[in-house]
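Working notes, structure below.
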Amino acid sequence: MAEIREVRKIESQERASIHSHISGLGVDESGKPKFKANGLVGQIEAREAAWVVVQLIKQGKMAGKGILLVGPPGTGKTALAVGIARELGEDTPFNTLNASEIYSVDLKKTEVLTQAIRKSIGVRVRQRRLVYEGVVKEVRMKVARSKLNPYVQMPREAEIKLATKDEEKTLTAGESIAEQFNRLGIRKGDVIWIDAETGNVVKVGRAKEIEGAKSYDIDSVRSVEIPGGPVKKEKELTNTLTLYDLDLSLAAQSISITALFSLWSEREISQDIRKQVDSYVKDLISKGNGELIPGVLFIDDAHMLDMETFSFLTKALEAELAPILVLATNRGTTKIRGAEVEAPHGMPLDLLDRLLIITTRPYSKEESKEIISIRAEELDVELDQSALEELTNLSQSESLRYAIQLLEPSLIVAKRAGRNVVKADDVREASRLFVDVKKSVKYVKEYENLFLK
């Protein structure tokens, strides 16, 4: 059973992932993007092109094709990929893979890619389950230092107050559920349910008329009614698992006790297991208890892939069962890895011919200001107008990423001075402590003779 229990309140701090606020592409009924909607700002042309791609996917006309997002660093390529996945459905699998991750010591490149593809294909299963369901009245995260990296804080436990029209309960959940809260960006006013057995968390939408519930724009997510009845109940649910989840589940049943305590999950999964899973899924679908959902496989820094990988992906695009392949790169003309051939974006032309290419551009000052405001709200950093203007100016003179990175350091500087509101002086002090790329390059040139060669 998943670790869910009623406990006393915990003093903690809510955390947010970098794209947790994105819920779609932010377009109107005719497919025209709004300036700010669904957590996205600007990039009007790119979002409109992405909306067209979503329509092609829904109509089943993307067979043999992929998408390539091209643009300078920090122009929202990953955010655009997340938006595409959200438009396809809340339970659409979205798997992110950095190109460098396929060069594993333990696994072959083809195995890493095969696992990534199967993580991007979902199976929607219908069944009756015991769940906790309601609107979030309060959520707090208990964080601790990561066991693997002591400089990173990770969610360890979550306290959540769930309410229906008839009942209210305060629950705490363990690490796996807390991580899902963090990834989904669960906050006050969200209607959710939690599978009491598996701990799977599903975000249904935003409850109507919840006092104090923050939102980025009125069209950002679907508005839903607050559920009735008890918080803990039995209901017919639709869970979405990936083919990779099923692969691991079947592999875990067949391994030895010795292998159970090893890193078996990082090793290759046999084709026999995958064939058994495929057979099980086909049986579910034929009985009407399951539905296949092609998801999104997003590969960032695609210029780091080599010829063998590009060949594998080209073949994968033509497969009958394949996810939507979205590649992203910030490179122009460069050499293909493992070859002495230069090509646009470091990719072979035969693959580029199969991709719909969407370009992104640097954000304007007005767009940067809106993005900084959204990230500040998501991170619970309160900015006064002077601080917002200072960060906006830094986003234009340095970079948007640098300005966003200064949000939390600026809050710490403000709290040191006894304030909870960040002012321009706090931002300037944080900027003095943490230099941008341009100042770093200037520093290297100034002290070049002192650095080791």
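The values are calculated or read from the model by the stated rules, or taken from the named source; none is laboratory data. This structure is a prediction, so every number in the text was calculated from the model and none was measured. Heads up, the Cβs are rebuilt from the backbone with ideal geometry, glycines too, and the neighbour counts pull from every protein chain shown.
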- Task: Determine which member of the set 177, 226 is modelled with pLDDT of 80 or more, within 30 Å of residue 249 (Cα to Cα) and either assigned to a strand (DSSP E or B) or not assigned by TED's automatic domain parsing to the domain that holds residue 88 (or both).
- Result: 177
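Give the residue, chosen from 382, 370, that is in the same structural domain as residue 434 (by TED's automatic domain parsing) and within 25 Å of residue 51 (Cα to Cα).
Values: 382 fails: within 25 Å of residue 51 (Cα to Cα).
That would be 370, the only listed residue that is in the same structural domain as residue 434 (by TED's automatic domain parsing) and within 25 Å of residue 51 (Cα to Cα).
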- Item | Selected residue [assigned to a strand (DSSP E or B) and touching a residue at least 12 places away in the same chain (Cβ under 8 Å)] from 358, 372, 404 | 358
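Quick grid of which residues meet (1) outside the structural domain of residue 374 (by TED's automatic domain parsing); (2) modelled with pLDDT of 80 or more; (3) more than 26 Å from residue 126 (Cα to Cα); (4) under 21 Å from the mean Cα position of the chain (by Cα):
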position: 187; (1), (2), (3), (4): yes, yes, yes, yes
position: 191; (1), (2), (3), (4): yes, yes, no, yes
position: 194; (1), (2), (3), (4): yes, yes, no, yes
position: 208; (1), (2), (3), (4): yes, no, yes, no
position: 212; (1), (2), (3), (4): yes, no, yes, no
position: 232; (1), (2), (3), (4): yes, yes, no, no
position: 255; (1), (2), (3), (4): yes, no, yes, no
position: 265; (1), (2), (3), (4): yes, no, yes, no
position: 268; (1), (2), (3), (4): yes, no, yes, no
- Failed condition for residue 72, given (1) surrounded by fewer than 17 Cβ atoms within 10 Å (Cβ to Cβ); (2) modelled with pLDDT under 80: (2)
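Residue-wise test of (1) in the same structural domain as residue 115 (by TED's automatic domain parsing); (2) surrounded by 15 or more Cβ atoms within 10 Å (Cβ to Cβ).
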site	(1), (2)
273	no, yes
276	no, yes
305	yes, yes
322	yes, yes
335	yes, no
339	yes, no
- If you go through the range 89-147 one residue at a time, how many are of a type in the set (Phe, Trp, Tyr) and over 16 Å from residue 298 (Cα atoms)? 2
- Task: Inspect the range 344-364 for any residue being under 25 Å from the mean Cα position of the chain (by Cα), buried (at least 19 other Cβ atoms within 10 Å of the Cβ), more than 30 Å from residue 53 (Cα to Cα) and not acidic (Asp, Glu) and give the result as yes or no.
- Result: no
- (1) surrounded by 14 or more Cβ atoms within 10 Å (Cβ to Cβ); (2) modelled with pLDDT under 85; (3) within 30 Å of residue 168 (Cα to Cα); (4) not charged (D, E, K, R) all hold for residue 136 apart from (2)
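Output the number of residues of the range 37-52 satisfying the condition of being small (Gly, Ala, Ser) and part of a loop (DSSP other than H, G, I, E, B). Give the steps one after another, and end with the answer.
Of the residues in the range 37-52, the ones small (Gly, Ala, Ser) are 37, 39, 42, 46, 49-50.
Of the ones still in play, those that are also part of a loop (DSSP other than H, G, I, E, B) are 39, 42.
The qualifying residues number 2.
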